[in-house]
Amino acid sequence: MTTLRRRAQNQTLRHRGREGGPLYRSRKLLLCAHETVNAAAETKLLSLLEAGDPRGEARDAWHAKETLRGIYDISDPELGKITVDQLADEFCDPCLPKEVNRLRRTLARWRTQISNWHHARVANAATETADNPIKRVKRAAFE
């Protein structure tokens, strides 16, 4: 989302995001989960996207992000696998922004891991959270 938002803003306004720019102001709302955004914030987001994204690329990417997040709401493992394949095909549409098209490759690479999540309903997020500070300290010590 961030890469697309920056690119769209640069193409539209010919400069980086600035405090008053509509896409810059929408950056945090674009990253929020749809179910956590209240009606006023959603109206604000849609108006900012309309003002700052004339081609609708950020809006399309936001919808793609929310659709992708919906994979984890599926309880049936087989349906989850089918949905991942369908999304990978849909994200290959040349009408969509190139950042969304890249999701197809990512989904293809991570298809097995996503399918495995539907079987076990666990992720390695806790392990990654614990390992991240250790890796940072290790990198800092190396430099």
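What are the aspartates and glutamates whose alpha-carbon lies under 18 Å from the alpha-carbon of LYS138, with same-chain residues fewer than 8 places away excluded?
The qualifying aspartates and glutamates are GLU128.
If you keep only loop residues by DSSP, which trypsin sites (Lys or Arg not before Pro) in the stretch 30-134 have at most 10 other Cβ atoms within 10 Å of their Cβ?
Details: sites: LYS44, ARG55, ARG59, LYS65, ARG69, LYS81, LYS98, ARG102, ARG104, ARG105, ARG109, ARG111, ARG121; in loops: ARG55, ARG121.
For trypsin sites (Lys or Arg not before Pro) across the stretch 30-134 that sit outside H, G, I, E and B with at most 10 neighbouring Cβ atoms in 10 Å, the list reads ARG121.
Based solely on its DSSP helices, what 222 nm [θ] is calculated for the chain when runs of n ≥ 4 H residues each add -39,500 (n - 2.57) and the sum is averaged over all residues, nearest 500 deg cm²/dmol?
Numbers: 8 runs with 103 residues, N = 143.
Here the helix-only value at 222 nm equals -23000 deg cm²/dmol.
FYI, it's all coordinate maths here, none of it is from the lab. Here the structure is a predicted model, which means the values were calculated and not measured. Ideal geometry is used to build each Cβ from the backbone, glycine not excepted, and the neighbour counts take in all protein chains shown.
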